[in-house]
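Let me begin by presenting the structure, written as structure tokens, before commenting on it.
The values are calculated or read from the model by the stated rules, or taken from the named source; none is laboratory data. Predicted model only: the values in this text are computed from it and were never measured. Note that each Cβ is placed from the backbone with ideal geometry, even for glycine, and that neighbours are counted across all protein chains shown. All accessible areas refer to the heavy atoms of the entire protein, side chains included, with ligands and DNA or RNA removed. Shrake-Rupley method; radii C 1.70, N 1.55, O 1.52, S 1.80 Å.
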Amino acid sequence: MLPRPVLMVLVLPALFLAAFARSLPSPLRTESIRNQTPSLLNLYAERSSPFDLEVSGELADDANFRAPARVRGVELEVLESKVAAKSEETLIVAVSSDFYRGLYPPAYIRAHKPVLALEINGEAPPDWPRSREGTSSPMGPFLITHPHFAPRFKILAHQDEPQIPWGVVRLEFRNERRFYEAFDPLGSQSDDPAVEAGYRIAMQNCLRCHSISEEPAKARYTWSELGTIAAEAPEQFAAYVKNPQSVAPYAKMPANPAYDDPTLRALTAYFRAFDPAAKR
């Protein structure tokens, strides 16, 4: 019986990337498949050709797991090359069932090689470990991880963080420039170095839960509402970012204990500049 392919909508625990539908005259052929005419990406549960590529890896440092785990899946870079419109500016947004988002710009994908996990320790999504965040929620149907993660930048006290969402139900392929320009700071302070630093931190941290508009998001406040709070109550805003429970005991937002005063000032400056009342 032929293995059942899964195209675009990944509904099976596919473990192999099938050989591309074209003739390869020799296993020594070195021409890049990426430079050839794209074809459909076929995912199979079993190897059916000597040219099939198995995608797997060891997890060394993923906070979603209590110990290293054996993971099989598909690199986001591979999915992008076969599914997204051809562009040098593709941003992949992974959306979870609770509207949490993992954002994967091209630079992040090249540096960290994130993987869409399809099997963990030989188990399909229904049998994956439960979340460690206190809810004990199932981590399927999909999650994104890395074979290895090494931070590539540090902005003030904020260090490059792994984007490891679980409960992923949708992947969006967006234009990076058009997506991020909506978050450009407003007002006369937009060229301030502190505002620029706050902007870069917010793009990796705050944007995972907060939205630019009324579209569904994990967190309650929209981007402009955060701007208003930062402008009208900057000390409270900074205190909440560092330790939300110190301001609102029932807050669910994770704390940022490593953020020092310059980092908090930078974030506050960015959001104040984004306040709708700021001068354009």
Name the single residue, out of those in the stretch 247-280 being charged (D, E, K, R) and assigned to a loop (DSSP other than H, G, I, E, B), that is least open to solvent (accessible area, probe 1.4 Å). Asp275
Name the pairs: first residue in the stretch 214-227 and closer than 19 Å to Leu186 by Cβ, second residue open to solvent by 80 Å² or more (accessible area, probe 1.4 Å) and not in a loop (DSSP other than H, G, I, E, B), Cβ to Cβ under 7 Å, at least 6 apart or on different chains? Gly227/Arg272
Select the helices (runs of 4 or more DSSP H) contained entirely in the stretch 168-238, then report the ones holding at least 3 residues which are crowded, with 18+ Cβ neighbours inside 10 Å and in contact with a Leu (Cβ under 9 Å, 6 or more places away or on another chain). 193-204, 223-232
So is Ala230 without any contact (Cβ under 8 Å) to a residue 12 or more places away in the chain and in contact with a helix residue (DSSP H, G or I) (Cβ under 9 Å, 6 or more places away or on another chain) or not? no
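Each row is one residue, and each column tells you yes or no for (1) closer than 29 Å to Leu143 by Cα; (2) of a type outside the set (D, E, K, R).
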position: Glu161; (1), (2): yes, no
position: Ile164; (1), (2): yes, yes
position: Tyr180; (1), (2): yes, yes
position: Phe183; (1), (2): yes, yes
position: Val195; (1), (2): no, yes
I need a count of the residues in the stretch 77-112 that are open to solvent by 10 Å² or more (accessible area, probe 1.4 Å), among the hydrophobic types (A, V, I, L, M, F, W, C) and free of Cβ contacts under 8 Å to residues at least 60 places away in the same chain. 2
